[in-house]
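Below is one structure, written out as structure tokens; comments come after it.
The values are calculated or read from the model by the stated rules, or taken from the named source; none is laboratory data. Computed from a predicted structure; not experimentally measured. Quick reminder, even Gly has a Cβ in these numbers, built from the backbone with ideal geometry, and neighbours come from all protein chains shown.
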Amino acid sequence: MVRVELPVDGRTWLAEAQGAVAERGVDLAVDRWVEGLEAYFRGERLTWSEEEVPLEAVAESDFQRAVYGALLSVAPGTTISYGQLAQEAGFPGAARAVGQAMAANPVPVVIPCHRVVRSDGNLGGFGLGLSWKERLLAHEKRVCGERARSGVAAAKTGWERENRG
């Protein structure tokens with residue numbers, strides 16, 4: 001997988017993408033990412049682990065690898081500021097560079113750049129538009145709230161580990 005793009009109608013796009021992937025006979029890893037994204041939008045999966053995301057393939061620099069790796073540990077339904085993420089990644093004071101790394105993120109949702117906000121709590125930017133950022137955050141908060149009410153912990157683990165047979 002090289003890049004994930006979200007359209008206005010995510011469900012339609014995912015169905016089309018899955019069909020296109022199947023037609024081309026692309027390897028199982030891509031199929032699994034598509035399955036993971038479908039599970040995300042159904043509320044069955046909210047995170048990917050560092051083991052599941054090939055950071056060396058999606059990041060263009062060591063800085064991006066560190067930032068994306070740190071971002072994978074941010075819990076769904078929560079946010080972190082650009083400055084806090086820079087600190088977590090080992091680059092204090094690099095908030096603007098973190099913003100550039102978020103803008104370069106080729107796999108939004110999988111690497112959850114929508115969870116990164118400005119230090120004042122405002123949403124900041126998002127390549128797919130702020131309405132998508134708002135929707136993704138609201139989706140995660142809703143799913144985490146439903147899990148908490150039903151006694152299921154808000155998932156910090158990946159879908160594969162949650163659904164192992």
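Inspect all residues belonging to region 10-26 and state whether any of them is at pLDDT 90 or above, surrounded by fewer than 18 Cβ atoms within 10 Å (Cβ to Cβ), of a type in the set (Lys, Arg) and farther than 16 Å from Gly125 by Cα.
No - not one qualifying residue is present in region 10-26.
So if I check each of Val53, Val34, Val67, which one is modelled with pLDDT under 85, crowded, with 19+ Cβ neighbours inside 10 Å and either closer than 14 Å to Pro112 by Cβ or in contact with a Ser or Thr (Cβ under 6 Å, 6 or more places away or on another chain) (or both)? Talk me through it step by step, then tell me what you get.
On the way: Val34 fails: either closer than 14 Å to Pro112 by Cβ or in contact with a Ser or Thr (Cβ under 6 Å, 6 or more places away or on another chain) (or both); Val67 fails: modelled with pLDDT under 85.
Of the residues listed, the single one that is modelled with pLDDT under 85, crowded, with 19+ Cβ neighbours inside 10 Å and either closer than 14 Å to Pro112 by Cβ or in contact with a Ser or Thr (Cβ under 6 Å, 6 or more places away or on another chain) (or both) is Val53.
How do the pairs read when you match residues in region 110-133 that are of a type in the set (Gly, Ala, Ser) with residues anywhere that are surrounded by 14 or more Cβ atoms within 10 Å (Cβ to Cβ) and assigned to a loop (DSSP other than H, G, I, E, B), using Cβ under 6 Å and keeping only pairs 6 or more apart or on different chains?
Taking only residues 6 or more apart or on different chains, the pairs are Gly124/Arg118.
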